[in-house]
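Engineer: First the structure, which I've put down as structure tokens, then a few questions once you've had a look.
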Amino acid sequence: MTPSLSDYKSGTLQGIETLPMSSGDWMIDRRLAALERFETLGFPDRRSEAWRYTSVEGLLKQGFIAPAKVSQRDRDDGIQSHLLPLATLGRLVFIDGQFIDEHSVYPSQGVRVTSLKAAMAKGDRQVLEAVGSLSGLGDDGFAALNLAGFQDGVVIQIAQDVRLDGPMELLHLSTASAEGRKLSTRHLILMERGSQAELIERFVSEDQQSSYFNHQVVEISLAEQASLNHKRIQMESGQAYHLSDLHIALQRQAAYYGVMAAIGGCWSRTFISNRFQQPDAHCELDGLYCVDDGQLADFHLDIDHQLANCSSRENFKGILRGSGRAVFDGLIQVGKGAQKSEAHLHNANLMLSRQAEVDTKPQLMILADDVVCSHGTSVGQLDDQAIFYLRSRGLDEEQARALLCQGFLAEVVDKFEHQALIELLNRRMNFVGFTEPETSHESLG
């Protein structure tokens with residue numbers, strides 16, 4: 001039986017009671033306010049335009065209410081097999097949604113990392129006051145529920161003019177202990193004036209059959225002339241549910257470069273909101289998704305231009321086969337005061353079967369008259385002539401199709417820059433055998 005809102009409320013309250021709180025009553029008040037908002041909003045359904053193409057019924061039927069508990073065994077096992085041959089300045093490890101200090105390596109001078117659970121235990125008001133500063137109480141029931149019930153997370157603060165010469169990693173590992181549980185985390189990235197950093201986030205599963213709900217909210221605030229390069233890979237268990245909200249705020253001449261991959265889980269949704277808080281800032285987003293039978297990947301973008309001389313570019317690509325489904329809903333709003341804005345949005349999809357389905361909706365709303373904006377989408381199949389050409393060069397049909405799939409996504413994959421990440425993505429997507437040469441395609445126009 002699907003749990004009711006009251007079940008989620010009582011489960012969240014029980015989770016709050018397990019958290020360490022020292023002089024943190026004011027934080028509890030904020031959590032309770034978020035819980036009230038959750039009760040008011042409820043869970044979204046298809047009557048909401050933002051959720052029109054993505055049903056939450058399957059997720060809610062799973063009854064992911066209780067948070068996971070990390071055992072000592074989980075703390076000791078499983079990490080080594082997920083490390084990449086990649087030199088990093090620091091690695092912050094989460095197991096089943098909880099920060100594990102023993103496996104984490106802290107970055108160099110000029111960076112402050114604080115576990116939210118530790119901050120709650122100390123009653124560190126200076127750190128905790130930033131929680132919800134960009135997301136508010138939440139625009140939908142899920143977001144409000146995260147603020148009310150998040151169990152852990154980190155605050156990463158990078159000091160003024162600090163320029164890191166290597167990446168930091170946030171590794172989220174889920175174990176078999178997460179089965180049937182909800183993993184609620186929240187991160188804050190606060191970069192001061194003139195700072196520069198690279199952040200790699202990975203979501204992986206120790207057990208490829210585990211069913212759990214990874215629910216994350218990230219708030220990213222870049223001060224004047226700060227720059228963040230953010231790489232994000234979701235490649236969890238085929239039975240996992242994944243919901244992430246990213247809120248980005250940019251001050252004058254700040255720049256955010258994000259690249260995302262959704263290639264795991266049975267249901268995933270990523271919402272990205274960007275707000276230019278001062279002129280002359282830049283936001284760039286690239287993304288890819290690969291879905292197979294029983295999988296859904298959903299990307300929602302909300303890029304808001306209300307100030308002059310800001311620029312944004314978004315480019316997402318997807319490959320779908322079997323009965324896989326994808327949703328892409330990208331919105332660029334350009335307000336009256338956003339003269340000299342430049343904004344470009346594109347989504348391309350490669351369909352490998354008749355049963356696959358994509359709902360793509362790139363949108364532009366422009367109220368200013370001196371702007372350069374574009375948007376577009378495409379849905380198509382593999383080019384038979386290209387397959388014929390590759391076969392004439394000695395490849396068999398499966399190899400030819402795999403090469404074309406890899407080439408289709410290469411533009412986005414290359415944005416991950418590090419060879420270890422590129423090889424990880426190509427190995428996981430494994431286009432050899434992923435394609436369906438027996439299927440006869442017709443042009444969708």
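Engineer: Taking the Cβ-Cβ separation of TYR389 and LEU84 as r and a Förster radius of 30 Å, what is the calculated FRET efficiency to the nearest 0.05?
Structural biologist: 0.30
Engineer: Then there is this: Only Cα pairs under 8 Å and at least 6 apart count here; give the relative contact order of region 301-445 as a rounded whole percent.
Structural biologist: Values: 265 pairs, mean separation 33.2, N = 145.
Across region 301-445, relative contact order equals 23 percent.
Engineer: Another question, then. Work the Kirkwood hydrodynamic radius out for region 1-133: mean of 1/r over every pair of different alpha-carbon atoms, inverted, in Å. Can you show the working numbers first?
Structural biologist: Numbers: mean 1/r = 0.0556 Å⁻¹.
It is 18.0 Å.
Engineer: Tell me, what is the per residue accessible area of region 177-257 in Å², probe radius 1.4 Å?
Structural biologist: Working: 1910 Å² over 81 residues.
On a per-residue basis, region 177-257 sits at 24 Å².
Engineer: Within region 161-190, list the residues whose amide N lies under 19 Å from a label point set 7 Å along Cα→Cβ of GLU17.
Structural biologist: Only 182 pass the distance filter.
Engineer: Could you run the Karplus curve 6.51 cos²θ - 1.76 cosθ + 1.60 with θ = phi - 60° over region 357-367 and give me ³J(HN,Hα) per residue in whole Hz, x for Gly and Pro?
Structural biologist: In residue order, the calculated couplings are 9, 10, 10, 10, 9, x, 10, 10, 10, 10, 10 Hz.
Engineer: Here's a follow-up. Tell me, what % of the accessible area of region 198-331 is carbon and sulfur with a 1.4 angstrom probe? Could you put the intermediate results ahead of the total?
Structural biologist: Working: 1170 of 2810 Å².
The C+S portion of the solvent-accessible surface of region 198-331 is 42 percent.
Engineer: Next question. Quick one: net charge around GLY238, please, counting Lys, Arg +1 and Asp, Glu -1 for every other residue with C-beta under 12 Å from its C-beta. Could you put the intermediate results ahead of the total?
Structural biologist: Numbers: positive: ARG428; negative: ASP207, GLU236, ASP292, ASP293.
Result for the local shell: -3.
Engineer: Taking the chain as a Gaussian network, Cα atoms linked when under 10 Å apart, which of ALA281, ALA148, ALA386 shows the biggest mean-square fluctuation?
Structural biologist: In the Gaussian network model the winner is ALA386.
Engineer: On to the next question. To check you understand DSSP bridge types, tell me what percent of the beta bridges within the chain (both residues inside) are antiparallel, rounded to 5.
Structural biologist: 5 percent
Engineer: Project the alpha carbons of region 179-277 onto their principal axes and report the range along each, largest first, in whole Å.
Structural biologist: Here the spans come out as 45, 18, 16 Å, largest first.
Engineer: Where Lys and Arg each count +1 and Asp and Glu each count -1, what net charge lies around GLY294 among other residues with Cβ under 13 Å from its Cβ?
Structural biologist: Details: positive: ARG321, ARG325; negative: ASP292, ASP293, GLU357.
Taking every Cβ under 13 Å from that of GLY294, the sum is -1.
Engineer: Let me ask another. How far is it, in nm, from the label point at LYS69 to the one at GLN208 when both lie 7 Å from their Cα along the line to the Cβ?
Structural biologist: About 3.0 nm separates the two model spin labels.
Engineer: Cα to Cα, under 13 Å, and not fewer than 8 places away if on the same chain: which aspartates and glutamates meet these conditions relative to LYS182?
Structural biologist: Partners found: ASP96, ASP152.
Engineer: Once the dipole of region 179-308 is set up with Lys and Arg at +1 and Asp and Glu at -1 on Cβ about the Cα centre, which of LEU307, SER237, SER205 lies farthest towards its positive end?
Structural biologist: The Cα lying farthest towards the positive end belongs to LEU307.
Engineer: Please give the calculated 222 nm ellipticity per residue for the chain, where each DSSP H segment of at least 4 residues contributes -39500 (n - 2.57) and the sum is spread over every residue; nearest 500 deg cm²/dmol?
Structural biologist: Value at 222 nm, helices only: -6500 deg cm²/dmol.
Engineer: In terms of modelled amide H atoms, which long-range or inter-chain residues lie less than 5 Å from the amide H of LEU170?
Structural biologist: So LEU170 has HN proximity to LEU92, ILE200, GLU201, ARG202.
Engineer: Further question: What fraction of the Cα pairs in region 152-196, stated in percent, has a spacing above 16 angstrom?
Structural biologist: Of all Cα-Cα pairs in region 152-196, 54 percent lie more than 16 Å apart.
Engineer: Ranked by accessible surface with a 1.4 Å probe, highest first, in what order do ARG428, ARG269 come?
Structural biologist: The ordering from most to least exposed comes out as ARG428, ARG269.
Engineer: In Å and from the alpha-carbon atoms only, list the Rg and Dmax of the chain.
Structural biologist: Expressed in Å, the Cα Rg and Dmax of the chain come to 21.6, 72.
Engineer: A follow-up question, please. Once phi is turned into ³J(HN,Hα) by the Karplus curve 6.51 cos²θ - 1.76 cosθ + 1.60 with θ = phi - 60°, what whole-Hz value does each residue of region 311-319 show in order, with x for glycine and proline?
Structural biologist: 9, 8, 9, 10, 9, 10, 10, x, 10
Engineer: Another question, then. Which three extents, in angstrom, do the Cα atoms of region 203-253 have along their principal axes, listed largest first?
Structural biologist: Over region 203-253, Cα extents along the principal axes are 45, 16, 11 Å.
Engineer: Lysines near LYS415 by alpha-carbon distance under 20 Å, same-chain residues fewer than 8 away left out - which ones?
Structural biologist: LYS231, LYS317
The values are calculated or read from the model by the stated rules, or taken from the named source; none is laboratory data. Note that the structure is a prediction, hence the values are computed from the model and not measured. So basically every Cβ, Gly included, is an ideal-geometry build from the backbone, and we count neighbours across all protein chains shown. Accessible surface is based on the protein model in full, side chains and every heavy atom, while ligands, DNA and RNA are left aside. Shrake-Rupley method; radii C 1.70, N 1.55, O 1.52, S 1.80 Å.
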